[in-house]
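I'd like to ask you about the structure that follows.
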Amino acid sequence: MPAARPRGRPPKNKPMSANAFPQGFLWGAATAAYQVEGAVHEDGRGETIWDRFCRVPGAIHGGDTGDVACDHYHRWRDDVENMRDLRLSAYRFSTAWARVFPQGKGKPNRKGLDFYEALVDGLLAAGIQPALTLYHWDLPQALQDAGGWTSRDTASWFAEYASCLYTHLGDRVKTWMTLNEPWVSAFAGHWQGVHAPGLKDFGTAVQAAHVLLHAHALAVSAFRELGARDARIGIALDLHQVYPWSDGVSDQEAARRCDGHVNRWFLDPVFKGTYPKDMLDLYARHHAAPHEHTGDAEALAAHPMDFLGVNYYFPQRVYASDAGGLLGYESGRLEDRQRTEMDWEVHPDGLYDLLLRLKGDYGDPAIFITENGAAFKDQRVEKGQVQDDDRIGYLDGHIRAARRAIERGVKLQGYFLWSLLDNFEWSFGYRQRFGITHVDFATQARTWKKSAGWYQRVIATNGGALA
Ligand code: IFM
């Protein structure tokens, strides 16, 4: 069954208001394979590091797993219907490497490819552009066993996997992303230990980040050989606007280190082919310099991307602190600010500041907001519908900030709301709900929250409904 929603036709496209977005602006929603698909043992899919990590006692809230998730693998037709009703112009999803190559390499699994071909065809038939992310954290376990992201071989296998998908789907998918949030893969997974594969070593994390960037470079290079001329490729980075806690020099320097760690460590390589020198020096002082091979920097620089994907949720406000470990900073919190259920500060101006900064510092790139959204309690229900006015407020504020950035000349081409569905929120399990469509995980029933109807109106008026 498609998602239950109030009856009645969506509003017709109104004439563009002064506040509307540019013609052709993409209005999308996003998900990721492990968070929605389920069906982890079906049709030859191989084990991933998240299947394994979910079995570690205490790793995931409530012992939840992605085994079933939103059962999207079986219900994708209804989910596409839901997207059509929302009037999405694009849908960002990720392919599970282990569905396509169960062991990460070798012979592709026909059934895995069939699933993604059918999904892509279904989207196109519904008038929705597919936007495909090749890697959203679910490394095949077999590759982890062979060294995972610390091994350069993983980057080579990633390029083969990417090439396989370009070959099979390149005639229909025109928007590609190599990696989702490599900071999280590297540092949450190999330093903080809160994500798969659950390691806790800074030097290992820096090396994983390097191999991930190498994988990105190889995949973009393969795209230039195999990808369609009318297609584009980018990367989705989790970026934060960083504000110093005070005007004091030490807090300013702390903010620069935080920015170096969370933003510039990935932005500089993908745009300039180099690591930021201040951070290289800092990491080296902690014996954590990446093992660069001759030609790595050139490979990144030689294959520029077509766009940058920005995943923005909240800003960082940091102060210098010896308790902050090797990076020497900690994050503070302004008590008078609204916060989401993730305890993330709601600050739409952070998105505006970030977009302007990217324009200024990185050569005015084409940008998509590839993720933005919020988890809230979703407790107020009327006539069976979640009244998520707090989520609407969050989205409205951020989309307005995006529009202001466009007015200042930022080449923003689309917005993907996170998320289409409530889904498996990694170590938080199913406790945190980001969806504009409520999912009852006992029955898999989908029901529009109030925010879904609101987003439908925003899309139908090309942003005019915000005004
Ligand atoms: O759910 C995640 C997503 O997988 C990556 N970006 C942040 C989202 C919310 O935490």
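The values are calculated or read from the model by the stated rules, or taken from the named source; none is laboratory data. Worth saying up front: this structure is predicted, and the values here are computed from it rather than measured. All Cβ positions, even for glycine, are placed from backbone atoms using ideal geometry, and neighbour counts span all protein chains on display. SASA here: full protein model, heavy atoms, side chains in, ligands and nucleic acids out. Shrake-Rupley method; radii C 1.70, N 1.55, O 1.52, S 1.80 Å.
Send over a whole-number figure in Å² for the accessible area per residue of the stretch 369-412, probe 1.4 Å. Could you put the intermediate results ahead of the total?
Details: 1850 Å² over 44 residues.
Accessible surface, normalised per residue, equals 42 Å².
Can I ask one more? Going by a ≥ b ≥ c, the root eigenvalues of the Cα gyration tensor, does the chain fall in the rounded group (a/c under 1.5), the prolate group (a/b larger than b/c) or the oblate group?
On the way: a/c = 1.37, a/b = 1.14, b/c = 1.21.
Rounded, because the longest to shortest axis ratio a/c is under 1.5.
Follow-up. Leaving out ligands, DNA and RNA, and with a 1.4 Å probe, what % of the accessible surface on the stretch 71-191 is carbon or sulfur? Please report the intermediate quantities before stating the final value.
On the way: 1790 of 3570 Å².
The value for the stretch 71-191 is 50 percent carbon and sulfur by accessible area.
Something else: Can you bin the stretch 214-366 into rounded, prolate or oblate? Criterion: square roots of the alpha carbon gyration tensor eigenvalues sorted a ≥ b ≥ c, rounded for a/c under 1.5, prolate for a/b above b/c, oblate for the rest. Can you show the working numbers first?
Working: a/c = 2.51, a/b = 1.44, b/c = 1.74.
Oblate, since a/c reaches 1.5 and b/c is not below a/b.
Per DSSP helix of 4 or more residues, -39500 (n - 2.57); summed, then divided by the residues of the chain. What does that give at 222 nm, rounded to the nearest 500?
Values: 15 runs with 171 residues, N = 467.
After summing the helix terms and dividing by residue count, I get -11000 deg cm²/dmol.
Straight-line reach from Lys107: which aspartates and glutamates have Cα under 12 Å away, leaving out those fewer than 8 places along the same chain?
Glu160
Would you mind calculating the relative contact order of the stretch 269-311 from Cα pairs under 8 angstrom and at least 6 residues apart, reporting the percent as a whole number?
Relative contact order comes out at 61 percent.
For Met342 paired with Glu160, estimate the spin-label separation in nm (one decimal), with each label point 7 Å from Cα along the Cα-to-Cβ line.
3.4
Something else: Around Thr370, under 12 Å between beta carbons, what's the net of Lys plus Arg minus Asp minus Glu among the other residues? Before the final figure, lay out each step's value.
Details: positive: Arg92; negative: Glu181, Asp238, Glu371.
For residues surrounding Thr370, the net value is -2.
What is the ratio of the Cα radius of gyration of the stretch 107-201 to 2.2 N^0.38 Å, where N is its residue count, to two decimals?
On the way: Rg = 15.1 Å, N = 95, 2.2 N^0.38 = 12.4 Å.
Cα-based Rg divided by the globular estimate yields 1.22.
Taking the Cα centre of the stretch 59-216 as origin and charging only Cβ (+1 Lys, Arg; -1 Asp, Glu), how large is the dipole, in debye to the nearest 20? Can you show the working numbers first?
Values: 14 positive and 17 negative charges, 66 e Å.
Around 320 debye, computed over the stretch 59-216.
Just read off the accessible area of Arg232 with the full protein assembly in place, 1.4 Å probe, to the nearest 10 Å².
About 70 Å², rounded to the nearest 10.
While we're on this one: Let a ≥ b ≥ c be the square roots of the eigenvalues of the Cα gyration tensor of the stretch 249-305; is it rounded (a/c under 1.5), or, if not, prolate (a/b larger than b/c) or oblate?
Numbers: a/c = 3.54, a/b = 1.58, b/c = 2.24.
Cα axes put the stretch 249-305 in the oblate bin.
Could you sort 384-392, 117-125 so that the peptide with the highest average Cβ count within 10 Å comes first and the rest follow in order? Each step should come with its number before you reach the end.
On the way: 384-392: 19.3, 117-125: 16.9.
Packing proxy ranking, top to bottom: 384-392, 117-125.
Next question, about the same structure. Based on the Cβ-Cβ distance from Arg431 to Glu42, what FRET efficiency comes out when R0 is 30 Å, to the nearest 0.05? Mind showing how you got there, number by number?
Details: r = 26 Å, r/R0 = 0.86.
Efficiency for this residue pair is about 0.70.
Want the number for Lys111 to His293: 0.36 nm per residue separation, take away the alpha-carbon distance, what's left?
Numbers: separation 182, 0.36 × 182 = 65.52 nm, distance 3.70 nm.
Extending this stretch completely gives an extra 61.8 nm.
When the label point is put 7 Å from the Cα of Leu124 along its Cα-to-beta-carbon vector, which residues of the stretch 69-103 have a backbone N closer than 16 Å?
Backbone N within reach: 90-91.
Treat every Asp and Glu Cβ in the chain as -1 and every Lys and Arg Cβ as +1, leave all other atoms uncharged, and give the resulting dipole magnitude about the Cα centre to the nearest 20 debye.
Numbers: 52 positive and 58 negative charges, 310 e Å.
Its charge dipole is roughly 1500 debye.
Continuing with the same structure: For Asp306 and Lys277, calculate 0.36 nm times their separation in residues minus their Cα-Cα distance, and state this gained length in nm to one decimal. Could the numbers behind the result be given before it?
Values: separation 29, 0.36 × 29 = 10.44 nm, distance 2.52 nm.
The span from Asp306 to Lys277 would gain 7.9 nm if fully extended.
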